[in-house]
Every structure is written in C-alpha cells, then in structure tokens.
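Since the structure comes first, as structure tokens, the remarks are kept for the end.
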Amino acid sequence: MTIQAEKRVSTDTLMKSLFRTKKLGNFMKHYGNRLEDGNISEYLTQYCREHGRSISKAIRDAQIDRSYGYQIFRGIRIPSRDKLLQLAFGLRMSVEDAGKMLREAGKSPLYPRIRRDAVLIFCLKEKKSLEEAQELLAQYEISMLGEVDT
C-alpha cells in the first residue's frame, strides 16, 4: 500500500491562517507536517544528479573553497545568498532554476529593480561564467559575489 503525500497548502492559505490564529500551537498542529524546512543540501545534490553535473566541478566553477563547498552539499553549512548565486553560476543554472534554488533556501529572490541582481539575471540568462559575471559587476562598480556575503 502506498502512502499518499498530503496535498500542498497554498502560501496564501497559510498566511491567512497565521493572521487568524491566536495560538501558534494550533497552527502548527494543523499545518506543521506540511511546512517545508528548506533543505538546500538535498536540493543541490538532486539538481546535480538530475542535470548530470559533478559536485566537485560545480564547487570549483563556483570558486568556493572545496571543503566549504562540500560542507554545503552535506548540509553542515548553510550557504549565504552570495554562495548560492556562485553555485548557480557553477552549475550553469537558468534564471528560473536559480530563483527556485534561492526560494528553497529561504533567501530573497533575484529582483530586477536591484542593480546587482539585474546584472546577475542578465549573466545567468546569457549563460556567462562566474568570472564574466564578476567582471560585469566590477565594470558597473557593484560589489562582486562573495565580496559582501549576504
């Protein structure tokens, strides 16, 4: 017998319920088992598997220290938004995949109204390498990835 996964609850429904509730315990009792923890290490490992990418090459291309990179993939370290964006370049992700990864990690999405994010969106869309993205950021006098670890 197969156990069916519970139906996913919309974010809007969760938000409305949180605003209506007077006791968090009631909310957690009702929805707690359907909330996500955002396991970014599993997400990244699965992404590599599905796209035939090597973890070691992704870490190298993302210009992340080897031991730190493996700690991210093992779930020992929680990466900053910048480290995740470096991995997006290392994994040659699309803008959509990078956005999905950021959401999974609970980080702010790429937002085209922010100069830095606009450059990164352009670079991901054009399949530029991390080095090329860093050069463009520098050209526009914007902090490079890893410079300000957010």
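Quick note: the coordinates plus some simple rules give every number you see, no bench work behind them. Fair warning: this is a prediction, and the values are worked out from it, not measured in the lab. For neighbour counting, all protein chains shown are included, and Cβ atoms are generated from backbone atoms with ideal geometry for every residue, glycine included.
Return a whole-number percent for the relative contact order of the chain, with Cα pairs under 8 Å and 6 or more residues apart as the contact set. Let's see the in-between values first.
Details: 139 pairs, mean separation 30.0, N = 150.
20 percent.
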Q. Taking the chain as a Gaussian network, Cα atoms linked when under 10 Å apart, which of 118, 62, 133 shows the biggest mean-square fluctuation?
A. 118
Q. For region 17-80, which GluC sites (Glu not before Pro) are both in a DSSP coil and crowded by at most 16 other Cβ atoms within 10 Å?
A. 36
Q | Top of 52, 32, 75 by mean-square fluctuation, Gaussian network on the chain, Cα under 10 Å | A | 32
Q: Provide the per-residue ³J(HN,Hα) series for region 65-82, in order, calculated from phi with Karplus coefficients 6.51, -1.76, 1.60 and θ = phi - 60°, each as a whole number of Hz, with x at glycine and proline positions.
A: 3, 3, 5, 5, x, 5, 5, 5, 5, 8, x, 7, 10, 9, x, 6, 4, 4
(Q) Need the list of lysines near residue 22 for cross-linking: C-alpha distance under 30 angstrom, and skip anything on the same chain fewer than eight residues off. (A) 7, 107
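With charges set only on the Cβ (+1 for Lys and Arg, -1 for Asp and Glu), what does the dipole of the chain come to about its Cα centre, in debye to the nearest 20? Show your work: numbers first, answer last.
Values: 27 positive and 20 negative charges, 157 e Å.
Approximately 760 debye in magnitude.
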Q. Applying the Karplus parametrisation 6.51 cos²θ - 1.76 cosθ + 1.60 with θ = phi - 60° to the phi angles of region 118-127, what ³J(HN,Hα) value in whole Hz is obtained for each residue in order, glycine and proline being reported as x?
A. 4, 5, 5, 4, 4, 5, 5, 4, 8, 6
**Q.** Label-point gap, in nm, between residue 77 and residue 114 - each point 7 angstrom along Cα→Cβ
**A.** 2.1
Q. Looking only at region 120-143, which residues have a backbone nitrogen under 17 Å from a spot 7 Å from the Cα of residue 96 in the C-beta direction?
A. 121-122, 124-127
(Q) Between 0 and 90 degrees, rounded to the nearest ten: what's the tilt of helix 40-51 against the longest Cα principal axis of the chain? (A) 60
Q. Using helices alone, what [θ] at 222 nm do you get for the chain, with -39,500 (n - 2.57) per DSSP H run of 4 or more residues, divided over all residues and rounded to the nearest 500?
A. -17000 deg cm²/dmol
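Quick one: length gained pulling residue 26 to residue 60 fully straight, 0.36 nm per residue minus the C-alpha distance? Mind dumping the intermediate values first?
Working: separation 34, 0.36 × 34 = 12.24 nm, distance 4.59 nm.
Net length gain for the segment: 7.6 nm.
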